2 protein chains.
Amino acid sequence: MKIKKLNLVVKKIFKKYGLNLTDAKTCTDALINAELVGSPSHGLSRLKMYCDRISKKVINPRAKVKIKKISQSIAHVDGNNSIGFVAADIAIKTAISNAKKTGIGLVAVKNSGHYGLSGYYAEQAVKKNLMVLVFTNAPPAVAPHGALKSLFGTNPICFGTPTGSKVPFILDTSISMINRGKIRVAAREGEKIPEGVALDKFGKPTTNPKKALEGVQLPIAGFRGSGLAWMVDILSGVLTGGNHAGRVKDPFTDFSGPQNIGHLFFVMKPNLFVGNSFNKRIKDNIKTIKKLPKIKGVKEILYPGQSKYNRYKDNLKKEIKITKNVLEDLNSLIR
Amino acid sequence: MKIKKLNLVVKKIFKKYGLNLTDAKTCTDALINAELVGSPSHGLSRLKMYCDRISKKVINPRAKVKIKKISQSIAHVDGNNSIGFVAADIAIKTAISNAKKTGIGLVAVKNSGHYGLSGYYAEQAVKKNLMVLVFTNAPPAVAPHGALKSLFGTNPICFGTPTGSKVPFILDTSISMINRGKIRVAAREGEKIPEGVALDKFGKPTTNPKKALEGVQLPIAGFRGSGLAWMVDILSGVLTGGNHAGRVKDPFTDFSGPQNIGHLFFVMKPNLFVGNSFNKRIKDNIKTIKKLPKIKGVKEILYPGQSKYNRYKDNLKKEIKITKNVLEDLNSLIR
């Protein structure tokens, strides 16, 4: 489907479900961006879920997001149970504005929901020539080291920085071996998942995505990945006033109440310490690393975010490929 | 050797090498702490290296560390090529003081050197009831994803938070499969290293620590670990004014100049957003996770820093075990 048409359709759906035009636009842009950067697991495959949660009154389509100013640098956002996109959009804009004024902006969010890709918010800061760290928690998917039950979300760690070029450095890495959204897409589309990334509910390795969703995803690097996931749960949940310790509900299967996800955005000016030489320094950093001898078969050493940017540029020229399941969703939701 | 005696001996050595009493004490405390927490790779096995670097005039024993105030929250520390302990100690104390005043403290350090364990500085903040992130870069040890040559250091990610108990939560995880210091100790003591953590200089897997030191250490989780290492290089090197992109010299083998390592300390009040309920929230978080069903053979789910704290408490009651190599170092240095 053409991007422009898809944009109109999705916006219309969100408006039908009670969002005002501004919020509908925010949510639509985020979902379509996920498709364009090649992360359909965080794109249109989630649209029906958001609408279902609105219908079942566990997302507030008319949320009044509140910003509490704590200092010139720090703010606390209460999402009022909005779709995550809406609260997160206000929060990152506040963090950017604070960083522009004082050098640093720290904004915590509570009472939010799933907000798509962390990298999407990091990009907003980097486009304003700022450095950024983004943390969010998520429903249980990964077992803490030593435990037999999932509790941590895939809790991404996300970092972005200007690069002195048009292509931002955006690291957006979940601490699970595989993105939960990818398992979900595999389950929807009837595909297998790789070996070694998940266990079924009995603790046995599986390549069946449905069994993996009922079971446990494995963290990267054992106790190290488990520790990083725990850090993210504390930074985005315990610190912010959001849910934590495994209490974020699965948005697809648990309609017993709002998710109350927490997010944390930390934005800073990259020239705080080295002034105008920052651009030269980051360019030199990237250039030096790209010049290293390469493993056989590797043409170019890519920095995080580079291939995503290339996919985005390519996809902008094309129509967005819609799976059969998503098309059914669109047709049923717009009715 | 008894802790008290060892403390006197090491302090005397640092003073002999030109440090004033305050700086000698700072360095001695950091090295002995590494022994007590069970990280001898960052302890006395490095003493001779520091002294050698002073002798060869690539560490300044009489460094005048400068603090440049950027705002009430932000400062830039110029280590003046001190031993890393000295610059880092001043920097973390500045970050703590700024956070106490404004809620957040961000302090960058340039012209520093190897500062031991990141967790040691995180602990200082947590003891003052603050949350903390610590980043530092290090000499080349890990190859960027796709490259055939080491460039990133083991670039630890370190996070600490108060827990509402005496035992702090301190995650201090390098992004390499194994700590470089551990390989170095194995090489000194003639032991093997585990499989799958390093390649020799020809790109072949090795369990020989000497071959591993000449070769490449593997990052955790492939491109994810490589991305995290790159993030740490930017945060602690490019941003701070420190060396980066593989230019931090190996302190043991490269005496051609100072290391100019960069560090970044970010400290914040844990009650910024949730007020006095923070203690209740973090206790609940830890308690909930500890209650999960456990894998067979696991008695307790430990949070990061817990076993280190237990080792520290145990070791405080004992003498510190000195290896033959370290004893030789101590004897030759004190002469």
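Would you say A:GLY297 is assigned to a strand (DSSP E or B), within 11 Å of another protein chain (Cβ to nearest Cβ) and either farther than 29 Å from A:GLY79 by Cα or out of contact with any Cys (no Cβ under 6 Å at 6 or more places or on another chain) (or both)?
no
Could you go through the range A:163-175 and let me know if any residue there is in contact with a Lys or Arg (Cβ under 6 Å, 6 or more places away or on another chain) and among the β-branched types (Val, Ile, Thr).
Of the residues in the range A:163-175, the ones in contact with a Lys or Arg (Cβ under 6 Å, 6 or more places away or on another chain) are A:164, A:173.
Next, only the ones that are among the β-branched types (Val, Ile, Thr) stay: A:173.
Yes - at least one qualifying residue is present in the range A:163-175.
Filter the range B:54-93 for residues that are within 14 Å of another protein chain (Cβ to nearest Cβ), small (Gly, Ala, Ser) and assigned to a loop (DSSP other than H, G, I, E, B) and give the result.
B:SER71, B:SER73, B:GLY79
Looking only at residues that are within 13 Å of chain A (Cβ to nearest Cβ) and without any contact (Cβ under 8 Å) to a residue 40 or more places away in the chain in the range B:100-134, which one is surrounded by the most Cβ atoms within 10 Å (Cβ to Cβ)?
Filtering the range B:100-134 for residues that are within 13 Å of chain A (Cβ to nearest Cβ) and without any contact (Cβ under 8 Å) to a residue 40 or more places away in the chain, the one surrounded by the most Cβ atoms within 10 Å (Cβ to Cβ) comes out as B:THR102.
So how many residues does the range B:271-312 have that are more than 19 Å from A:TRP230 (Cα to Cα), among the basic types (Lys, Arg) and surrounded by 13 or more Cβ atoms within 10 Å (Cβ to Cβ)?
1
How many residues are polar (S, T, N, Q) and surrounded by fewer than 24 Cβ atoms within 10 Å (Cβ to Cβ) when one looks only at the range B:151-164?
Going residue by residue through the range B:151-164, those that are polar (S, T, N, Q) are B:154-155, B:161, B:163.
Restricting the remaining residues to those that are surrounded by fewer than 24 Cβ atoms within 10 Å (Cβ to Cβ) gives B:163.
Residues in the range B:151-164 being polar (S, T, N, Q) and surrounded by fewer than 24 Cβ atoms within 10 Å (Cβ to Cβ): 1 in total.
Within the range A:33-51, how many residues are buried (at least 21 other Cβ atoms within 10 Å of the Cβ) and on the phi > 0 side of the Ramachandran plot?
Of the residues in the range A:33-51, 0 are buried (at least 21 other Cβ atoms within 10 Å of the Cβ) and on the phi > 0 side of the Ramachandran plot.
Taking only pairs six or more apart or across chains, which ones have beta-carbon atoms under 6 Å, a first residue in the range A:315-330 that is of a type in the set (Val, Ile, Thr), and a second residue that is not in a helix (DSSP H, G or I)?
Hits for this filter: A:ILE320/A:MET1; A:ILE322/A:MET1.
Per-residue answers, yes or no, for (1) more than 12 Å from the chain's Cα centre (by Cα); (2) closer than 20 Å to B:THR173 by Cα:
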{"position": "A:LEU130", "(1), (2)": "yes, no"}
{"position": "A:ALA143", "(1), (2)": "yes, yes"}
{"position": "A:THR161", "(1), (2)": "yes, no"}
{"position": "A:ASP172", "(1), (2)": "no, yes"}
{"position": "A:SER176", "(1), (2)": "yes, yes"}
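Restricting to the range A:260-280, name every residue that is in contact with a Ser or Thr (Cβ under 6 Å, 6 or more places away or on another chain) and either modelled with pLDDT under 95 or outside any loop (DSSP other than H, G, I, E, B) (or both). If you could, list the steps in order and put the result at the bottom.
As a first pass, look at the range A:260-280 and keep what is in contact with a Ser or Thr (Cβ under 6 Å, 6 or more places away or on another chain): A:261-264, A:273.
Selection gives A:ILE261, A:GLY262, A:HIS263, A:LEU264.
Before we move on, is B:GLY257 more than 11 Å from chain A (Cβ to nearest Cβ) and at pLDDT 95 or above? Spell out the reasoning first.
Working: more than 11 Å from chain A (Cβ to nearest Cβ): yes; at pLDDT 95 or above: yes.
Against the criterion (more than 11 Å from chain A (Cβ to nearest Cβ) and at pLDDT 95 or above), B:GLY257 qualifies.
For A:GLY241, are the conditions met, namely being in the same structural domain as A:HIS145 (by TED's automatic domain parsing), under 16 Å from A:ILE157 (Cβ atoms) and modelled with pLDDT of 90 or more?
no
Would you confirm whether any residue within the range A:48-57 is among the acidic types (Asp, Glu), touching a Gly at 6+ places or on another chain (Cβ under 6 Å) and more than 16 Å from A:LEU264 (Cβ to Cβ)? Let's see the steps before the verdict.
First, the residues of the range A:48-57 that are among the acidic types (Asp, Glu): A:52.
Then drop every residue that is not touching a Gly at 6+ places or on another chain (Cβ under 6 Å), which leaves none.
No - not one qualifying residue is present in the range A:48-57.
Suppose we keep only residues that are in a helix (DSSP H, G or I) and small (Gly, Ala, Ser) within the range A:206-241. Which one would you say is nearest to the other protein chains (Cβ to nearest Cβ)?
Step one: of the range A:206-241, the residues in a helix (DSSP H, G or I) are A:209-214, A:223-238.
Going one step further and asking which of them are small (Gly, Ala, Ser), we end up with A:212, A:225-227, A:229, A:236-237.
Details: A:ALA212: 18, A:GLY225: 7, A:SER226: 9, A:GLY227: 4, A:ALA229: 10, A:SER236: 11, A:GLY237: 8 Å.
For the range A:206-241, the residue satisfying everything is A:GLY227.
Can you name the residue in the range B:265-277 that is within 9 Å of chain A (Cβ to nearest Cβ) and touching a residue at least 12 places away in the same chain (Cβ under 8 Å) and, of all such residues, is nearest to B:PRO139 (Cα to Cα)?
B:PHE266
Filter the range B:173-231 down to the residues that are within 25 Å of B:MET49 (Cα to Cα) and hydroxyl-bearing (Ser, Thr, Tyr) and list them by number.
Selection gives B:THR173, B:SER174, B:SER176, B:THR207.
Is it the case, given these coordinates, that B:GLY203 is out of contact with any Asp or Glu (no Cβ under 9 Å at 6 or more places or on another chain), within 11 Å of another protein chain (Cβ to nearest Cβ) and surrounded by fewer than 21 Cβ atoms within 10 Å (Cβ to Cβ)? Can you show your working first?
Details: out of contact with any Asp or Glu (no Cβ under 9 Å at 6 or more places or on another chain): yes; within 11 Å of another protein chain (Cβ to nearest Cβ): yes; surrounded by fewer than 21 Cβ atoms within 10 Å (Cβ to Cβ): yes.
In short, yes.
Given the conditions (1) closer than 21 Å to B:VAL134 by Cα; (2) more than 13 Å from chain A (Cβ to nearest Cβ), which single one is not true for B:PHE159?
That leaves (2) as the condition not met.
The values are calculated or read from the model by the stated rules, or taken from the named source; none is laboratory data. Given the structure is predicted, the values throughout are model-derived calculations rather than measurements. Using ideal geometry, Cβ is built from the backbone for each residue, glycine included, and neighbour counts are taken over all protein chains shown.
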